[in-house]
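Quick notes on the structure that follows.
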Amino acid sequence: MTFRLGFVTGATPDKWARTWRERSKERLEVMPLTEAEQEPALRSGEVDMAIVRLPIDRDGLHLIRLYDEVPVVVLARDHYLSLADDVSLDELAEEQLVLPHRSGWTPAADQLAWPAMTEKDAVETVAAGTGIVILPMSVARLYHRKDVVHRPVRDLDPTTVGLAWAIDHDDDRTQAFVGIVRGRTAQSSRG
């Protein structure tokens, strides 16, 4: 039987997957998921557990908060704000936001009608010198290019990443993985 762990773009399950493989004879399949796919994959049983980016509907799910991610703005390398250590939303008010931000924030400037695009496509658009995108730092690092920079946005709340699984699938396997994530040794008991 295979244990399936989903992980949202930017999350890095490698350390936990390596520990699972050292401790368990059961095969582990690690599956990348977009934010739009994370909750349906959990609810359909496509994955046994998932490292998710909040918010998600917690009804019927267990969730352990893992860490917070800093929101960053991705800018063309030659953008004047690339010289700053961090930026505020006010400083971004006249920019073109090429991908809607999860908070609903939109610059004050009239926005172009951008086509739907992935986070990677958005970074490529920014690299061409057209607009900005605000992403969790891990996603900005994943799609980093030499022609863009990212800077923390100081007045946006961080994004929380967590480990989620269906309440009706809370079994020894999921608890073994929870133990790994929480740093329990192979010899320690759950408690």
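The values are calculated or read from the model by the stated rules, or taken from the named source; none is laboratory data. All of these numbers come straight from a predicted model, not from anything done at the bench. Using ideal geometry, Cβ is built from the backbone for each residue, glycine included, and neighbour counts are taken over all protein chains shown.
What number of residues in region 22-60 are in contact with an Asp or Glu (Cβ under 8 Å, 6 or more places away or on another chain) and not acidic (Asp, Glu)? Write out each step before concluding.
In the first step, residues of region 22-60 are kept if they are in contact with an Asp or Glu (Cβ under 8 Å, 6 or more places away or on another chain); the result is 31, 39-40, 52-53, 56-57, 60.
Filter once more, so that each one left must be not acidic (Asp, Glu): 31, 40, 52-53, 56, 60.
Summing the residues that are in contact with an Asp or Glu (Cβ under 8 Å, 6 or more places away or on another chain) and not acidic (Asp, Glu) in region 22-60 gives 6.
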Options Asp59, Asp48; residue that is crowded, with 18+ Cβ neighbours inside 10 Å and acidic (Asp, Glu): Asp48
Residue match in region 86-108 (condition: within 18 Å of the chain's Cα centre (by Cα) and charged (D, E, K, R)): yes
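Can you tell me which residues in region 31-62 are touching a Phe, Trp or Tyr at 6+ places or on another chain (Cβ under 9 Å) and within 27 Å of Leu99 (Cα to Cα)?
Keep residues of region 31-62 that are touching a Phe, Trp or Tyr at 6+ places or on another chain (Cβ under 9 Å), which gives 31-33, 38, 42, 47-52, 61-62.
Listed by number, the residues that qualify are Met31, Pro32, Leu33, Gln38, Leu42, Ala50, Ile51, Val52.
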Those strands (runs of 3 or more DSSP E) lying entirely in region 1-120 with at least 2 residues within 19 Å of Arg173 (Cβ to Cβ): 2-8, 27-33, 49-53, 61-69
Residue check, Ala140 surrounded by 19 or more Cβ atoms within 10 Å (Cβ to Cβ), of a type outside the set (Asp, Glu) and not assigned by TED's automatic domain parsing to the domain that holds Asp85: no
Unmet requirement for Ile64, which otherwise passes all of (1) surrounded by 17 or more Cβ atoms within 10 Å (Cβ to Cβ); (2) of a type outside the set (D, E, K, R); (3) touching a strand residue (DSSP E or B) at 6+ places or on another chain (Cβ under 8 Å): (1)
